[in-house]
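Novice: Have a look at this one.
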Amino acid sequence: MSFATLGLSEAIVRAVAEQGYTTPTPIQAQAIPAVLGGGDLLAGAQTGTGKTAGFTLPLLQRLSTDKVGSTLRNKTAPRAIRALILAPTRELAAQVEESVRLYGQYTNLNSAVIFGGVGIHPQIKLLANGVDILVATPGRLLDHVGQGTIKLDKIEILVLDEADRMLDIGFLPDLQRILNYLPKSRTTLLFSATFSPEIKRLAESYLQNPVFIEVARPNATAATVEQHFY
């Protein structure tokens, strides 16, 4: 199996190949067709299994080939945010946005990342130019929403990455607030290493008939991760 056989465009396959990847991982092989199908997704995948490409590649494919989205743009109006990816930490948010940028370099899409712990004004300036895909930590995203520098009413795809960690950190109230700002008619993709009762409740509340994918037994460590115990 190759990335091209999964239904990805030549532009995206080219970018993936330039990063040295030729064969999809199990989570990618299952998640990419599911996301391209247009429905909601609840996926269990640990760090190290390739899950970031599992949602960024089909997300880029859907947005770059969407005729409705392309007609919304003109030379005077800034781009509306069409996809939102939420991550629990600034480090993960930065890594995810880098992947979006690398895999989408040959598409007509652009991206940005925002997180706390740094000045907000450079982010405001960046967002003013218009962004297709936004990667954010929940707290800083709500700061921007409160200041009116971000609108979420045009979101077509929402991704909750490492949702279990977001709940562990205590982001559930922030997540609920953010979800209330989003359009009801959207695709929601939830990725989590564990399927705790809290994750299942979150999925039941905000996902509509999701496809369920689990590529490893619950709480298992990815085979690519080497662990030492002291």
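The values are calculated or read from the model by the stated rules, or taken from the named source; none is laboratory data. All values derive from a computational prediction rather than experimental measurement. Backbone-built Cβ (ideal geometry, glycine too); neighbour counts: all protein chains shown. When the accessible area is computed, the model is the full protein with side chains, heavy atoms only, and any ligands, DNA or RNA have been set aside. Shrake-Rupley method; radii C 1.70, N 1.55, O 1.52, S 1.80 Å.
Novice: Check T137 against each of (1) over 16 Å from A43 (Cβ atoms); (2) surrounded by fewer than 19 Cβ atoms within 10 Å (Cβ to Cβ); (3) polar (S, T, N, Q); (4) under 19 Å from the mean Cα position of the chain (by Cα) and name the one condition it does not meet.
Specialist: (2)
Novice: Out of the residues in the stretch 18-31 that are of a type outside the set (S, T, N, Q) and closer than 13 Å to F191 by Cα, state the one that is surrounded by the most Cβ atoms within 10 Å (Cβ to Cβ). First the steps, then the outcome.
Specialist: Kept after step one, since they are of a type outside the set (S, T, N, Q), are these residues of the stretch 18-31: 18, 20-21, 24, 26-27, 29, 31.
Cutting the leftovers down to closer than 13 Å to F191 by Cα gives us 27, 31.
Working: I27: 25, A31: 28.
So, considering only residues that are of a type outside the set (S, T, N, Q) and closer than 13 Å to F191 by Cα, the one surrounded by the most Cβ atoms within 10 Å (Cβ to Cβ) is A31.
Novice: Conditions first: (1) among the aliphatic types (A, V, I, L, M); (2) modelled with pLDDT under 95; (3) surrounded by 14 or more Cβ atoms within 10 Å (Cβ to Cβ). L60 passes all but one, so which condition is the exception?
Specialist: Result: L60 fails condition (2) only.
Novice: A further question on this structure: For residues in the stretch 203-216 being more than 18 Å from G54 (Cβ to Cβ) and modelled with pLDDT under 90, which is surrounded by the most Cβ atoms within 10 Å (Cβ to Cβ)? Show your work before the answer.
Specialist: Filtering the stretch 203-216 for residues more than 18 Å from G54 (Cβ to Cβ) gives 204-206, 208-209.
Those left that are additionally modelled with pLDDT under 90: 204-206.
On the way: E204: 10, S205: 9, Y206: 18.
Filtering the stretch 203-216 for residues that are more than 18 Å from G54 (Cβ to Cβ) and modelled with pLDDT under 90, the one surrounded by the most Cβ atoms within 10 Å (Cβ to Cβ) comes out as Y206.
Novice: Only one of (1) at pLDDT below 95; (2) within 14 Å of Q105 (Cβ to Cβ) fails for V16. Which number is that?
Specialist: Among (1) at pLDDT below 95; (2) within 14 Å of Q105 (Cβ to Cβ), the lone unmet condition for V16 is (1).
Novice: Taking the options I155, I124, name whichever one is more than 30 Å from E18 (Cα to Cα) and either in a loop (DSSP other than H, G, I, E, B) or not hydroxyl-bearing (S, T, Y) (or both).
Specialist: Numbers: I155 fails: more than 30 Å from E18 (Cα to Cα).
Of the residues listed, the single one that is more than 30 Å from E18 (Cα to Cα) and either in a loop (DSSP other than H, G, I, E, B) or not hydroxyl-bearing (S, T, Y) (or both) is I124.
Novice: Could you grab me the full set of residues in the stretch 74-119 that are among the basic types (K, R) and touching a Gly at 6+ places or on another chain (Cβ under 9 Å)? Walk me through it before giving the result.
Specialist: Taking the stretch 74-119 first, the residues among the basic types (K, R) are 75, 79, 82, 90, 101.
Correct list: R79, R82, R90.
Novice: Working only within the stretch 169-179, note down all residues that are outside any loop (DSSP other than H, G, I, E, B), in contact (Cβ under 8 Å) with a residue 40 or more places away in the chain and either surrounded by fewer than 17 Cβ atoms within 10 Å (Cβ to Cβ) or not β-branched (V, I, T) (or both).
Specialist: Going through the stretch 169-179, the residues outside any loop (DSSP other than H, G, I, E, B) turn out to be 169, 172-179.
Okay, now just the ones that are also in contact (Cβ under 8 Å) with a residue 40 or more places away in the chain, so 169, 175, 178.
Within the stretch 169-179, I169, L175 qualify.
Novice: Which of the residues spanning the stretch 7-17 are part of a helix (DSSP H, G or I) and open to solvent by 20 Å² or more (accessible area, probe 1.4 Å)? Quick ask: steps written out before the conclusion?
Specialist: We begin by selecting, within the stretch 7-17, every residue part of a helix (DSSP H, G or I); these are 10-17.
E10, A11, V13, R14, A17 - these are the residues of the stretch 7-17 that are part of a helix (DSSP H, G or I) and open to solvent by 20 Å² or more (accessible area, probe 1.4 Å).
Novice: Now, a different point. Can you find, within the stretch 142-151, the residue that is farthest from L172 (Cα to Cα) among those that are out of contact with any strand residue (DSSP E or B) (no Cβ under 7 Å at 6 or more places or on another chain) and open to solvent by less than 20 Å² (accessible area, probe 1.4 Å)?
Specialist: Residues of the stretch 142-151 out of contact with any strand residue (DSSP E or B) (no Cβ under 7 Å at 6 or more places or on another chain): 142-143, 145-151.
Then drop every residue that is not open to solvent by less than 20 Å² (accessible area, probe 1.4 Å), which leaves 142, 150.
Working: L142: 13, I150: 20 Å.
The extreme case among them is I150.
Novice: Something else about it: Looking only at residues that are charged (D, E, K, R) and assigned to a loop (DSSP other than H, G, I, E, B) in the stretch 180-202, which one is least open to solvent (accessible area, probe 1.4 Å)?
Specialist: To start, the set of residues in the stretch 180-202 that are charged (D, E, K, R) comprises 184, 186, 198, 200-201.
Cutting the leftovers down to assigned to a loop (DSSP other than H, G, I, E, B) gives us 184, 186.
On the way: K184: 176, R186: 42 Å².
Among residues in the stretch 180-202 that are charged (D, E, K, R) and assigned to a loop (DSSP other than H, G, I, E, B), the one least open to solvent (accessible area, probe 1.4 Å) is R186.
Novice: Counting only residues that are in contact (Cβ under 8 Å) with a residue 40 or more places away in the chain, more than 19 Å from L182 (Cα to Cα) and either surrounded by fewer than 17 Cβ atoms within 10 Å (Cβ to Cβ) or out of contact with any Leu (no Cβ under 8 Å at 6 or more places or on another chain) (or both), how many does the stretch 101-134 have? Quick ask: steps written out before the conclusion?
Specialist: Taking the stretch 101-134 as the starting set, the residues that turn out to be in contact (Cβ under 8 Å) with a residue 40 or more places away in the chain are 102-109, 128-134.
Still in the list and also more than 19 Å from L182 (Cα to Cα): 102-109, 128-129.
Going one step further and asking which of them are either surrounded by fewer than 17 Cβ atoms within 10 Å (Cβ to Cβ) or out of contact with any Leu (no Cβ under 8 Å at 6 or more places or on another chain) (or both), we end up with 102, 105-106, 108, 128-129.
Count: 6.
Novice: Of all residues in the stretch 32-58, count the ones that are out of contact with any helix residue (DSSP H, G or I) (no Cβ under 6 Å at 6 or more places or on another chain) and over 19 Å from T187 (Cα atoms).
Specialist: Here the count works out to 3.
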